[in-house]
Structure formats: C-alpha cells, structure tokens
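> Next up is a structure, given as structure tokens.
The values are calculated or read from the model by the stated rules, or taken from the named source; none is laboratory data. Being a predicted model, the structure only gives us computed values, none of them experimental. Cβ placement follows ideal geometry from the backbone for every residue including glycine, while neighbour counts extend to all protein chains displayed. The accessibility values were calculated without ligands, DNA or RNA, using every heavy atom of the protein model including side chains. Shrake-Rupley method; radii C 1.70, N 1.55, O 1.52, S 1.80 Å.
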Amino acid sequence: MLRLLASRCARGPGARGVARPAAGLGDHSRGPRRQASDAPRNLPPSSEVVARPVGVCSMMRLPVQASPEGLDAAFVGVPLDTGTSNRPGARFGPRRIREESVMLRTINPSTGALPFQSLMVADLGDVNVNLYNLQDSCRLIQEAYQKIVAAGCVPLTLGGDHTITYPILQAMAKKHGPVGLLHVDAHTDTADKALGEKIYHGTPFRRCVEEKLLDCKRVVQIGIRGSSMTLDPYRYSRNQGFRVVLAEDCWMKSLVPLMAEVRQQMGGKPMYISFDIDGLDPAYAPGTGTPEIAGLTPSQALEIIRGCQGLNVVGCDLVEVSPPYDPFGNTALLAANLLFEMLCVLPKVRVV
C-alpha cells in the first residue's frame, strides 16, 4: 500500500510506472529511459485524489529521477550557503521549497499556461555539493548542469545562495554562448571580492562578465536598493551595459510596461532568469540572508516573470531562501509559486 501511494504521488493518478528513489546529481546510476514523445507526461497528483501530506517530498510531488534524459524541464536543488555574507540557512532552501510546493496545482488559469500538458517535467534531486569547499562546489555544480543542459533539459533551480548562479551560467554558456540575463535582486552582486575571496554570493555576475558568460547589452537588474559604501554603487553594472532598475522606480506601479521594454531588449536569443528572493520586500519574504526594506511586491514579481512569456528562456533559478528566518514557511511558499510561474513561461509551454 505504501509503495502504491508513493507511486501515485509521483506519477499522478492513472499514470503508469513507479517513481525512482531520490538521488543526488552526483550519483551516476542510469537506466533505460523513454523519451517524452513516446511516454505519458508526469502530472502532479490532485489533492482530491492523493492527500497533500502523502508521498515523497519532491517539487510538486513530481517523480524524482537521477538522469535528465527524456525531460524537457526539471527542478534541481542546490543546497549551498557557504557563500553567504550575513545570515546562513539557504542550504535548507530546496527542501523547504519542496515542502511548500504541495500547494501548487498543474494549470495556471491567470495566464492560460499548461506546463504539464506540454512538457515532460521531473525533480532531479540535489547537486551533491561540497559544504567545506566553495570552489569545489562550483565545479560540482558546473559539471552537473553541463549534463542537464546537454540533454536538452531546461533547469529550474532551487537555491541555495546566489553563488550558485555563477557555475550554472558557466554551464549555460558552453551550450548557448553568452546569454541575456533577467536578474531580480536587492543587490547587483557585482562586487569584486570580500575578505580576500573572489567567489561568494556578492560576486557572481562580475565573475560572469570576466568570463564573457553574459551578453551584457541584454542584462537587466530589477529591484536594486539599499545603503551602500559609495555614492554610485551601480557604476560597474552600468559600465558593462546592464540596465539597472532601482526598487524606488518600481514603487506603487505595475511593471507590465517595464517588461514590454525588457522583452524587446532580450529579443529571441537565449536568456536566463535569476531571482533572488530578497528582491521582494521582507514583509513578504523575511526568510532570507540579506534583507533590504522597501522592496518589490509579490504581484510585481508575477508581472516580471509572466512578462517573460515568449522569450527564449533557457534556465531559471530562485535563490537565497533561508528557512530558519521564516519558521512559518511563507517565504518558501512564495518561492515555490515563483518557480511554478517560471515553468509556465518556458518556450514549449502551450498557452490557451
């Protein structure tokens, strides 16, 4: 009976097959796998059929598998927070986001998106990071994502601190070349170094610029705010050609017009979405490591992500959820919903 319940939770009611056990992306076991074109698509189970507390704790109770083969898109956890500069705890982000994702359903009636009727989606578990060595973790992340991208699977990442975006974009650039970037955050994350270290969650996009991973004329940073050590903390970003949209320029307004401009700027070339949960005001997302007041609202976050509909999105991440600072889980619930919205704007998703 327990095996049957686990299978129904992972595959959805009426689907065939048994879900594979959870495994880290560092594992190399791989069995034969059918392609999405000749297999029934994975469908999160309805709470009308399977109770929400039942089943393996995967993203949206999707099946967990070790290989990206046969998948169009996949949720991937990167439980790393050794690059944080203030409050730790983001290593627990992927697990808590998965827990809260039980509230998500299969269709987006606001946009008409039908992601699970369009794509083969699963949860690939977590990258087996090295919590004692940040540079080695970056290597492990890059290697894991190279395999995901090479399989033609679009990764949707559950962070983890923002350091992880650097090795992910290294993997993206190997396939797509320099990519456009939609970066939602309270901070530009373009510092050079701190305490003598050049890799931490405040430096990923400077490292990306140095390695030519970004198409700098197609980089937009939204929600930037907070105190600074200089009068012009955005100089580096703007000197690279980034568009920097301050949080105060977003206050009390819809961001639909802004996203129309962003769509025109991104064009049809590959682009990546990196969403730091601290881009939102801490009234909505207190569970994060470096909160800044007067941020974006959840409705503006939806406008930003939904504004990417029709763009060539090749990957996404949601980072910096630190569950210990929000014991009620609202930050992780918000993160889970934003990841679902990201899934809904992927290029192959049918909209009715």
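> Restricting the range 329-352 to residues that are of a type outside the set (D, E, K, R), assigned to a loop (DSSP other than H, G, I, E, B) and over 17 Å from L280 (Cα atoms), which is most open to solvent (accessible area, probe 1.4 Å)? Talk me through it step by step, then tell me what you get.
Applying the first criterion (of a type outside the set (D, E, K, R)) to the range 329-352 yields 329-340, 342-347, 349, 351-352.
Those left that are additionally assigned to a loop (DSSP other than H, G, I, E, B): 329, 345-347, 349, 352.
Okay, now just the ones that are also over 17 Å from L280 (Cα atoms), so 345-347, 349, 352.
Values: V345: 5, L346: 5, P347: 75, V349: 12, V352: 114 Å².
Restricting to residues being of a type outside the set (D, E, K, R), assigned to a loop (DSSP other than H, G, I, E, B) and over 17 Å from L280 (Cα atoms), the top hit is V352.
> Consider only pairs whose beta carbons are under 9 Å apart and that are at least six residues apart or on different chains; among these, list those whose first residue lies in the range 146-166 and is farther than 10 Å from G77 by Cα and whose second residue is modelled with pLDDT under 95 and open to solvent by 20 Å² or more (accessible area, probe 1.4 Å).
Pairs that qualify, where the first residue is farther than 10 Å from G77 by Cα and the partner is modelled with pLDDT under 95 and open to solvent by 20 Å² or more (accessible area, probe 1.4 Å), are K147/L25; I148/L25.
> Can you tell me which residues in the range 304-322 are assigned to a helix (DSSP H, G or I) and open to solvent by less than 20 Å² (accessible area, probe 1.4 Å)?
I304, I305
> Report yes if T190 is over 30 Å from P44 (Cβ atoms), crowded, with 21+ Cβ neighbours inside 10 Å, of a type in the set (S, T, N, Q) and touching a helix residue (DSSP H, G or I) at 6+ places or on another chain (Cβ under 8 Å), otherwise no. I'd like the intermediate steps shown before the answer.
Values: over 30 Å from P44 (Cβ atoms): yes; crowded, with 21+ Cβ neighbours inside 10 Å: yes; of a type in the set (S, T, N, Q): yes; touching a helix residue (DSSP H, G or I) at 6+ places or on another chain (Cβ under 8 Å): yes.
Here the answer is yes, as T190 does meet what is asked.
> While we're on this one: Out of the range 91-112, which residues are in contact with a strand residue (DSSP E or B) (Cβ under 6 Å, 6 or more places away or on another chain) and buried (at least 24 other Cβ atoms within 10 Å of the Cβ)?
Once the filter is applied, which keeps residues that are in contact with a strand residue (DSSP E or B) (Cβ under 6 Å, 6 or more places away or on another chain) and buried (at least 24 other Cβ atoms within 10 Å of the Cβ), the range 91-112 yields G93, P94, I97.
> Scan the range 90-142 residue by residue and report those that are touching a Phe, Trp or Tyr at 6+ places or on another chain (Cβ under 8 Å) and part of a strand (DSSP E or B).
Result: N108, V121, A122, D123, L124.
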